[in-house]
1. Name the residues in segment 389-419 that are in a loop (DSSP other than H, G, I, E, B), open to solvent by less than 20 Å² (accessible area, probe 1.4 Å) and closer than 16 Å to Trp133 by Cα, would you?
2. Consider Val386 against the criteria (1) surrounded by 21 or more Cβ atoms within 10 Å (Cβ to Cβ); (2) in contact (Cβ under 8 Å) with a residue 40 or more places away in the chain; (3) more than 15 Å from the ligand (Cβ to nearest atom): it satisfies all of them except one. Which criterion is unmet?
3. In segment 494-505, which residue that is open to solvent by less than 20 Å² (accessible area, probe 1.4 Å) and part of a loop (DSSP other than H, G, I, E, B) is farthest from the ligand (Cβ to nearest atom)?
4. Out of everything in segment 339-356 that is away from the ligand (no atom under 12 Å from the Cβ) and part of a strand (DSSP E or B), what residue ends up being surrounded by the most Cβ atoms within 10 Å (Cβ to Cβ)?
5. So is Thr146 more than 12 Å from Val24 (Cβ to Cβ), in contact with a Gly (Cβ under 9 Å, 6 or more places away or on another chain), more than 16 Å from the ligand (Cβ to nearest atom) and open to solvent by less than 40 Å² (accessible area, probe 1.4 Å) or not?
6. Collect the residues in segment 474-492 that are surrounded by fewer than 20 Cβ atoms within 10 Å (Cβ to Cβ) and either within 16 Å of the ligand (Cβ to nearest atom) or among the small types (Gly, Ala, Ser) (or both), keeping them in residue-number order.
7. Within 11 Å of the ligand (Cβ to nearest atom) and either at pLDDT 95 or above or open to solvent by 70 Å² or more (accessible area, probe 1.4 Å) (or both): is that true of Asp359 in this structure?
8. Filter segment 51-101 down to residues that are of a type outside the set (Gly, Ala, Ser), within 15 Å of the ligand (Cβ to nearest atom), farther than 14 Å from Ile240 by Cβ and not in a loop (DSSP other than H, G, I, E, B), then give me how many there are.
Amino acid sequence: MSTPSNTPSSDAGGSAVDVDVLIVGAGFAGIRTLYETRRLGLTARVLETGGDVGGTWYWNRYPGARTDSESWVYAFCFSQELLDEWSWSERYPGQPEVERYLRHVVDRFDLRKDMRFDTHVVSAVFDEATGTWVVTTGAGETYRATYLATGLGHSSFPYRPPFPGLDGFRGEWHQSARWPREGVDFRGKRVALIGTGATGIQLVPEIAAQAEHLTVFQRTPNWVLPARNHALDEEAWRGIRAEYDTIWQKVFAQNFALPYDSAHRVAKDVSPQEQQEILERGYRIGHFQFLFETFDDVLVDETTNELVCEFLRGKIRETVKDPVTAELLCPRYPLLAKRPPLGTLYYESFNRDNVSLVDVSRKPIVDVTPDGVRTAEADYPVDVIVFATGFDAVTGSYHTLDIVGRDGAHLRDKWQDGPRTNLGAMVDGFPNLFVVDGPHVPFANIPAVVDREVRWIGRTLAQMREDRYTVIEPTAEAVDKWTDLMAELLQGTLLAKGADVHAWFLGGNIPGKPIVAMNYHGGANNYFAALDAEIDADYPGFTRR
Ligand code: NAP
């Protein structure tokens, strides 16, 4: 085992450490954490499995991959200069542009020198004698650090297609989350696409435009909202920049950390004709604005939710010419019981002669044969299979490394029945471990959530330094309370219905995974307030020494 040649930087519990903070992951969470620790004058090192920065944006380079948050708020807000100098080219930037942005950020702030790529962390063990974390990589290197911060990502542990026979398939197959850098040539090919989540619906128009034939295998239809993507010219950016302060204020005041106003009305406040006019207006604007600026009770009132669902079913029926296909594409569960994606030309693709839809809800995919996909009803010979089957989301990435806390406790055992944290940030029994944008944080615009959580970590570390503490850990009572709150908040929304439709944010998409609230569903704004309140009350949910 080799030891990295860092100069020991500080002392915790009497043992020299290689760095103050060891950060796992170089996506939004890891980059933001590295920036914060640097700002505090701490030494830090990022270890990343991928070959460069990006996290989810490094791996998910499938055609059509782009953000669902508007670019101007899918960004770091810690630096005014960065906001002033970076202009996104579109309302929703594609994967290459997000990757370019993240590279720009690490170079701009000289963060790269503290990052190690192609370095997979296999274990992190808390050494009680010295109060430090000992982190081991796949290559056998070890690092010792006072603090460990994990920015492993929500959607980073792909769900391997579960179909028997895949290894014997004679064609080529690809998984969206591990897309080849050189791309895939679909020209002249018969292609099967399995999965119609946010990823699958972005792939459909792209593959359809190239392939000889595309067969989409759908188990559960999705509510695909109109993205209404467009280019952003200089004038658009002048407008955004003139309002940027207000935009970010709105982000931090909104339930999903998006810069929207509340509708200030519920559906029953207005006449049926006005309801339709409001929905039409919202639909023309598109994006999640359709959800948040039409009626305030879409997420909580079944009648309003169904009103909006029926409006959307009408749009699907209007768009898709074949009535049988249109009906198959119409979801029958509440909007937001699954995470609704934004689409461009998704429904329209089913009007193409070279695209067909196969419903596998009742007649499932049985296996992959040497020639293609077999369902309980028929064989579909294809040349290429694309799996957009999602992720063991939120907690799955925590199974890729063994995190061992006090008394030899393994995090994966502690989270066996579902994640347990205080504030989504720390876990009892795992001192000085900061979980960045892991479970129990809001189901919301990720860069904004990361920003506030990392800001809390930064303030906490600064306070500890001032108070001369070196160890922080949440109390078991605070962890119980926060974990119970996650379940309670979920039940207050229609997102709880996700349990019926394999919603990944409840763990329902992975066979055998416990169905629990893995996120905070009380509104991102309230989560940010809870972080501040913990500091203002001098950390009642934590012990420090
Ligand atoms: P996903 O939403 O979990 O979708 C996986 C798809 O695979 C579902 O349609 C699922 O069907 C299907 N599937 C899984 N196992 C199957 C089986 N045995 N037979 C047939 N179908 C099967 O995964 P995702 O599309 O990768 O998206 C995950 C999340 O990542 C998104 O919700 C979003 O948060 C994020 N994401 C964001 C963007 C963006 O911002 N633009 C893009 C992509 C992903 P069921 O629905 O029946 O389970």
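1. Leu401, Gly405
2. Against the list (1) surrounded by 21 or more Cβ atoms within 10 Å (Cβ to Cβ); (2) in contact (Cβ under 8 Å) with a residue 40 or more places away in the chain; (3) more than 15 Å from the ligand (Cβ to nearest atom), Val386 comes up short only on (3).
3. Applying the filter and picking the extreme gives Ala503.
4. In this case the residue turns out to be Val355.
5. It is true that Thr146 is more than 12 Å from Val24 (Cβ to Cβ), in contact with a Gly (Cβ under 9 Å, 6 or more places away or on another chain), more than 16 Å from the ligand (Cβ to nearest atom) and open to solvent by less than 40 Å² (accessible area, probe 1.4 Å).
6. Ala476, Ala487, Gly492
7. When the stated conditions are applied, Asp359 passes them.
8. Number satisfying all stated conditions: 11.
The values are calculated or read from the model by the stated rules, or taken from the named source; none is laboratory data. This structure is a prediction, so every number in the text was calculated from the model and none was measured. Here Cβ is always computed from backbone atoms with ideal geometry, including for glycine, and neighbour counts include all displayed protein chains. For the accessible areas, the whole protein counts, side chains as well, though only heavy atoms, and no ligand, DNA or RNA atoms are used. Shrake-Rupley method; radii C 1.70, N 1.55, O 1.52, S 1.80 Å.
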